[in-house]
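The values are calculated or read from the model by the stated rules, or taken from the named source; none is laboratory data. The model shown is predicted, which means the values in this text are computed figures rather than measured ones. A quick note on method: Cβ atoms are made from the backbone with ideal geometry, for glycine too, and the neighbour counts reach across all protein chains shown.
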Amino acid sequence: MRSRAPRALAGALTALVGLAVAQLLARLLSTKDGPVEAVGTWIIRHPPGHLTERAIKAVGHADKPILVTGVVIVVTVVVGVLAAGAPRVWVWAGMAVLAVVAALAVVAQPGTAGWRLVPIAAGFVTWIVVLPALLDALPPDSTARNAGFGGREGATRRGFLVRVGVVAALGAIAALGSRYAGGGRRQVEQARAALQLPGVTQPTVPAGADLGVDGQPGWLTSTTDFYRIDTALLAPAVDPATWRLRIHGMVDHPMELSLDELLARELTEDWLTLCCVSNTVGGDLIGNAWWSGVRIAPLLAEAGIHPDADGVLQTSSDGWTCLTPVEALTDDRNAMLAVAMNGAPLPVEHGFPVRMVVPGLYGYVSATKWLVDLEVTRFDKAEGYWTPLGWSAKGPIKLGSRVDTPGYGDTAKLDGEGRVVIAGTAWHQHTGIKAVEVSVDGGPWTAAELATEPTIDSWVQWRVAMELESGLHNARVRATGADGEVQTGAVADPAPDGATGWDKHTFEVA
Ligand SMILES: Nc1nc2c(c(=O)[nH]1)N[C@H]1C(S)=C(S)[C@@H](COP(=O)(O)O)O[C@H]1N2
Ligand SMILES: [Mo]
């Protein structure tokens, strides 16, 4: 009996540390509940749980904390009891059952992505590593039924307690971390859900902009499909209530704006195709959304920008910076402090509550997310985050085009007349597209049909239908800008200022 107490302690501690690790990971990876809350929620939603629910109603509004505490206690007791005296295989089986229950509860939640099982796997691995490590620090136990599970000749009580202390400390750090990591983000998600953005309208794809070709991404990129690029390991959770934007530097009247003060200004809305400088030829680090926000030009005028300033250095709440030419922020284009994307407040990953978007410039020199500071300055005095790392100080988006369908190596789809449909996208933000041409199997350039280009700041879809014999073929595409520039076929890497070359797809005709 005497030897069972330390074993039970080892089991209980193991249970808690594994739970803490799983919860921490869940909060780092998502805004949704961790496995413990998922199991709690699952219990109330299922028939036997109705009893629990009634019990909870009697207790008051604290249902979640009570359920969470209940789940933690049950898991701790189960693992503690198993570790105290069950045969080794039962210990592993019991832990596996608990992990499977958690996985089922998580999967039962709406919109579950596979990686939401990662925290559970991590918690389970923690269990199977920590428990033997603790039991191994105990003297061999000939009375317990799981004798031989861990246990070492010459082990001392002190050695065991040291391990217990280390594991408990690590568990406490994980538990505190999971509270901290989750809390801020969840609060901000709630504030985001409650945020009213008067004047923000829903996107309606302009007539004729989307050719609706089978296999081609939509002209409007949905927020969930929109690429995400940033240096943040964890998207910063910025509280809209305390958010401030400073405008300072080479200005006569430095300003500081709250979100309400920003939203009190005139709103502008526009289609804008955002593109990453790292996008390779044919790549998908490009997307087209409906942005709503406040134009930057009037704000800079109000601040009294000095005539010799030529750049605005932006800083995000996590300290990322970029430098944008004043000209791009003050000419006729809709360079804006965006508050909404596709008719809804910016998702946290895309810069909530305020980010910049500037038509015609790559994201790394213009599209600061979680924006908190605008410093009016000069290119000979300041530089953005990526410039000393080998990227060009200025980054106008290059004329580009892409084949979307047939997909690389796919079997081509045919139209009603048996012709192969080749379709794609072309862009030259803030210049516009005049023509797109396609060359099949290295043959002559053939003009493609262009969809409506609602604004010169958005991409444009194109399509051609061709009669081709069965077998392997390839199609290359090149665009011509509204200014007459013909897209170069010279191949260049993304660094330092954007890739060039013609996208080429090889495909099969059946
Ligand atoms: N704060 C911050 N903003 C940032 C970045 C970043 O790393 N941190 N990356 C930029 C880059 S390189 C691009 S391409 C765009 C991408 O915006 P998205 O993630 O909303 O598509 O954000 C820009 N804004
Ligand atoms: Mo980028």
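Things worth noting here:
- Residue identified as within 16 Å of ligand 2 (Cβ to nearest atom), within 25 Å of Ala191 (Cβ to Cβ), of a type in the set (Gly, Ala, Ser) and surrounded by fewer than 22 Cβ atoms within 10 Å (Cβ to Cβ) among Ala264, Ala235, Ala241: Ala235
- Looking only at the stretch 250-261, and only at residues there that are surrounded by fewer than 16 Cβ atoms within 10 Å (Cβ to Cβ) and assigned to a strand (DSSP E or B), the one that is nearest to the chain's Cα centre (by Cα): Ser258
- The stretch 335-369, subset in contact with a His (Cβ under 8 Å, 6 or more places away or on another chain) and outside any strand (DSSP E or B), residue nearest to ligand 2 (Cβ to nearest atom): Lys369
- Yes/no for Asp332 being surrounded by fewer than 20 Cβ atoms within 10 Å (Cβ to Cβ), free of Cβ contacts under 8 Å to residues at least 24 places away in the same chain and not in a helix (DSSP H, G or I): yes
- Sub-7 Å Cβ pairs linking a first residue in the stretch 246-266 that is farther than 17 Å from Ala338 by Cβ to a second residue that is surrounded by fewer than 12 Cβ atoms within 10 Å (Cβ to Cβ), at least 6 apart or interchain, are Arg246/Glu256, ordered by first then second residue.
- Residues that are within 11 Å of ligand 1 (Cβ to nearest atom) and in a loop (DSSP other than H, G, I, E, B) were ranked within the stretch 268-283; the one that is nearest to Pro454 (Cα to Cα) is Cys276.
- Within the stretch 422-456, the set of residues being farther than 11 Å from Ala475 by Cβ and in a strand (DSSP E or B) comprises Thr425, Ala426, Trp427, Ile433, Lys434, Ala435, Val436, Ala447, Glu449, Leu450.
- Extreme residue, surrounded by the fewest Cβ atoms within 10 Å (Cβ to Cβ), among residues of the stretch 348-366 that are away from ligand 1 (no atom under 11 Å from the Cβ) and more than 17 Å from the chain's Cα centre (by Cα): Gly360
- Yes/no for Asp310 being touching a Pro at 6+ places or on another chain (Cβ under 9 Å) and at pLDDT below 95: no
- Residue match in the stretch 313-326 (condition: under 22 Å from Pro396 (Cα atoms) and more than 14 Å from ligand 1 (Cβ to nearest atom)): yes
- Answer from Asp210, Asp214, Asp225 - the residue that is within 30 Å of Gly407 (Cα to Cα), among the acidic types (Asp, Glu) and within 16 Å of ligand 1 (Cβ to nearest atom): Asp225
- Of everything listed in (1) touching a residue at least 40 places away in the same chain (Cβ under 8 Å); (2) under 18 Å from Asp457 (Cα atoms); (3) not in a helix (DSSP H, G or I); (4) not β-branched (Val, Ile, Thr), the single unmet condition for Glu375 is (2).
- Given (1) modelled with pLDDT of 95 or more; (2) in contact with a Pro (Cβ under 9 Å, 6 or more places away or on another chain); (3) within 16 Å of ligand 1 (Cβ to nearest atom), index of the condition Ile296 fails: (2)
- Residues (within 16 Å of ligand 2 (Cβ to nearest atom) and under 23 Å from Pro347 (Cα atoms)) located in the stretch 370-384: Trp370, Leu371
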